[in-house]
1. Can you name the residue in segment 68-79 that is open to solvent by 50 Å² or more (accessible area, probe 1.4 Å) and part of a strand (DSSP E or B) and is also nearest to Gln3 (Cα to Cα) among such residues?
2. If you check every pair at least six apart or on different chains, which have Cβ atoms under 6 Å apart with a residue in segment 93-105 that is under 17 Å from Gln39 (Cα atoms) first and a residue that is part of a strand (DSSP E or B) and open to solvent by 80 Å² or more (accessible area, probe 1.4 Å) second?
3. Just one of Gly65, Gly15, Gly54, Gly35 is in a loop (DSSP other than H, G, I, E, B), within 16 Å of the chain's Cα centre (by Cα) and more than 15 Å from Gln110 (Cα to Cα); which is it?
4. When segment 102-114 is examined, which residues are found to be within 13 Å of the chain's Cα centre (by Cα), open to solvent by 20 Å² or more (accessible area, probe 1.4 Å) and of a type outside the set (S, T, N, Q)?
5. Restricting to segment 85-101, name every residue that is modelled with pLDDT of 95 or more and open to solvent by 80 Å² or more (accessible area, probe 1.4 Å).
6. Give segment 39-51 a look and list any residue that's over 18 Å from Gln81 (Cβ atoms) and polar (S, T, N, Q), or say none.
7. Could you identify the single residue in Ala30, Ala60 that is modelled with pLDDT under 95 and either open to solvent by less than 50 Å² (accessible area, probe 1.4 Å) or more than 16 Å from the chain's Cα centre (by Cα) (or both)?
Amino acid sequence: QVQLVESGGGLVQPGGSLRLSCAASGSVHAINFMGWFRQAPGKQREVVATITTGGTTNYADSVKGRFTISRDSAKNTVYLQTNTLKFEDTAVYFCYANDGLLEYWGQGTQVTVSS
């Protein structure tokens, strides 16, 4: 089992930045894939960025060039650096992990972009 705890969300003005963190605990050695998803009100959950244990990253087209996913293996933590935030980035951001058998989700952290 893996537990995921997100932090770092908040209220930010357009053009601002936030760094989201996802701390993993439990059977972290089994994780082979992690990522960030988001869900805006009235919309489906969508992938934002992913990273493999080998360090390969992928991004949704809507965030390319603005968001960066990274990880600190020593701390079992994955980060999402969000820059140049737009109104449409407002959503609950969820951390995701996969160990090849099961999927795990964090509780989510709210990001609100508002002037």
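1. Arg71
2. Phe94/Trp105; Tyr96/Trp105
3. Checking each option against the conditions leaves just Gly65.
4. Trp105
5. Within segment 85-101, Lys86, Phe87, Glu88 qualify.
6. Gln39, Gln44
7. Checking each option against the conditions leaves just Ala30.
Conditions tested, residue by residue: (1) within 24 Å of Val28 (Cα to Cα); (2) polar (S, T, N, Q).
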| position | (1), (2) |
| --- | --- |
| Ser62 | no, yes |
| Arg66 | no, no |
| Ala74 | yes, no |
| Tyr79 | yes, no |
| Thr84 | no, yes |
| Phe87 | no, no |
| Thr90 | no, yes |
| Gly100 | yes, no |
| Gly108 | yes, no |
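The values are calculated or read from the model by the stated rules, or taken from the named source; none is laboratory data. From a predicted model like this one, the values you see are computed outputs, not experimental measurements. All Cβ positions, even for glycine, are placed from backbone atoms using ideal geometry, and neighbour counts span all protein chains on display. Accessible surface areas use protein heavy atoms only, side chains included; no ligands, DNA or RNA. Shrake-Rupley method; radii C 1.70, N 1.55, O 1.52, S 1.80 Å.
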